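Okay, so here's the structure we're looking at.
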Amino acid sequence: DVGDWFYFRKRMRQLGVNVISFKLFFVDLLNPDDFLRELLTVGMGQHDVLQTRQKVLDGVSASARAGKFLGGWAPFGYQIVRDAATKSSRYAIQPSEAALVRQAFELYAAGYSYNYILDQLQLRGVVGRHGKVMNANSLYYMFKNKRYAGTYIWNEYTFQCMRKYIGRKENPRMVKIDDAIPAIVDKGTFDKVQQRLESNKHRC
């Protein structure tokens, strides 16, 4: 962006390094006319980048509002299938995995511990979507995932803007659609699990 560019130019000048372009003419940032010419050139370049970014985000948001899979990892219990008619990808239940997910939710809603669930369902040797063996943290994030109750969520949080880390912030462009994907867990059980997670958090 403009800020990065002029920081780079300033640093190169401090180091005595010339910046040469095959297309643009850069001379001396201390010369008022040269600075204005470069500022306008770089500003127009960033304007074009931001326009392209906006168009991409609008297109992806439209796909999200249709409940389409937009990449990443399908949660344990789901698989991604390609719809030949619409040429888009969607969530589908993976039966053997979904049975374990459903049992895990039911056991936790009934008051059982993470360790009991892992042992009872023999999940300790099961490798999750990210290539790691399941543990208590895996169960926690599973229980927090609204997709298991059929809620489609895209872009819930923003971590970067223009490739710069900005921390975890709620995204104003978030798309959330109830009953948009096949549910593995009924809403009653899912809500009981959320209540127990919240209660345990307050006790810590």
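The values are calculated or read from the model by the stated rules, or taken from the named source; none is laboratory data. This is a predicted model, so every value here is computed, not measured. For neighbour counting, all protein chains shown are included, and Cβ atoms are generated from backbone atoms with ideal geometry for every residue, glycine included. These area figures cover heavy atoms from the full protein model, side chains too; ligands, DNA and RNA do not enter into them. Shrake-Rupley method; radii C 1.70, N 1.55, O 1.52, S 1.80 Å.
Tabulated results
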| read-out | value |
| --- | --- |
| Residue within region 56-69 that is open to solvent by less than 80 Å² (accessible area, probe 1.4 Å), touching a residue at least 24 places away in the same chain (Cβ under 8 Å), of a type in the set (S, T, N, Q) and on the phi < 0 side of the Ramachandran plot present | yes |
| Failed item, numbered, when Asp28 is tested on (1) in contact with an Asp or Glu (Cβ under 9 Å, 6 or more places away or on another chain); (2) charged (D, E, K, R); (3) assigned to a helix (DSSP H, G or I) | (3) |
| Close pairs (6 angstrom Cβ cut-off, 6 or more residues apart or separate chains): under 15 Å from Asn200 (Cα atoms) in region 100-117, of a type outside the set (D, E, K, R) and surrounded by 14 or more Cβ atoms within 10 Å (Cβ to Cβ) anywhere | Tyr108/Val193; Ala109/Thr189; Ala109/Val193; Tyr114/Leu139 |
| Yes/no for Leu107 being closer than 30 Å to Leu121 by Cα and more than 27 Å from the chain's Cα centre (by Cα) | yes |
| Filter result for Glu106 (part of a helix (DSSP H, G or I), at pLDDT 85 or above and out of contact with any Gly (no Cβ under 8 Å at 6 or more places or on another chain)) | yes |
| Scan of region 12-47 for residues that are surrounded by 10 or more Cβ atoms within 10 Å (Cβ to Cβ) and among the acidic types (Asp, Glu), ordered by number | Asp28, Asp34, Glu38 |
| Lone unmet requirement of (1) surrounded by 11 or more Cβ atoms within 10 Å (Cβ to Cβ); (2) under 20 Å from Leu197 (Cβ atoms) for Gly111 | (1) |
| Neighbours by Cβ (under 9 Å, 6+ apart or cross-chain): first from region 80-98, polar (S, T, N, Q); second part of a strand (DSSP E or B) and open to solvent by 90 Å² or more (accessible area, probe 1.4 Å) | Ser88/Arg82; Ser89/Arg82 |
| Members of region 72-103 found to be part of a loop (DSSP other than H, G, I, E, B) and surrounded by 14 or more Cβ atoms within 10 Å (Cβ to Cβ), listed by number | Ala74, Pro75, Phe76, Gly77, Gln94 |
